[in-house]
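> Can you read through this structure? Questions will come right after.
No lab work stands behind these numbers, since they all come straight from the coordinates. None of the values given here were measured: they were computed from a predicted structure. Note that each Cβ is placed from the backbone with ideal geometry, even for glycine, and that neighbours are counted across all protein chains shown.
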Amino acid sequence: MNVADRIAQFEQLVQEDPTSDITYFSLGSAYAEAGRHQDAATSYERCIALNMNMSRAYQLAAEQYIKLDEKEKALRLLNDGFE
């Protein structure tokens, strides 16, 4: 399955269950693979909002913000994830 198909699949899954942290995490990963950094960061942050204990989501969201040259957002997320 290519990345566009995975994105479509995960977008459909979050529509069906907007409370699934792991689905937002997976959607973020697919967006990141496609180079859609803002969408990926937003999806990872939605994952964090649903599950503050998903430490990897903080790191991956921060990586996307670094790629977007939004270092302050990245630093905030890394600090929040560390805490």
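> Largest first and in whole Å, what are the equivalent-ellipsoid semi-axes of the range 2-83 based on the Cα gyration tensor, each being the root of 5 times an eigenvalue?
Taking √(5λ) for each Cα gyration eigenvalue gives 21, 15, 8 Å.
> Determine the calculated [θ] at 222 nm for the chain from helices alone, applying -39500 (n - 2.57) to every DSSP H run no shorter than 4 residues and normalising by the residue count; nearest 500 deg cm²/dmol.
-25500 deg cm²/dmol
> Quick one: helix 55-67 against the long Cα principal axis of the chain, what's the angle to the nearest 10°, folded into 0 to 90?
80 degrees
> Hey, another quick one. Please work out the Cα center distance from the range 8-31 to the range 52-83, rounded to the nearest Å.
Result: 19 Å between the Cα centres.
> To the nearest 10 degrees, how steeply does helix 21-33 sit against the main Cα axis of the chain, on a 0 to 90 scale?
Computed tilt is about 90 degrees.
> Further question on the same structure: Rounding to the nearest 10 and keeping the result within 0 to 90°, find how far the Cα-based axis of helix 71-82 lies from the longest principal axis of the chain.
Between helix and principal axis, roughly 90 degrees.
> Based on the mean of other beta carbon atoms within 10 Å per residue, what is the order of 75-81, 59-65, most packed first?
59-65, 75-81
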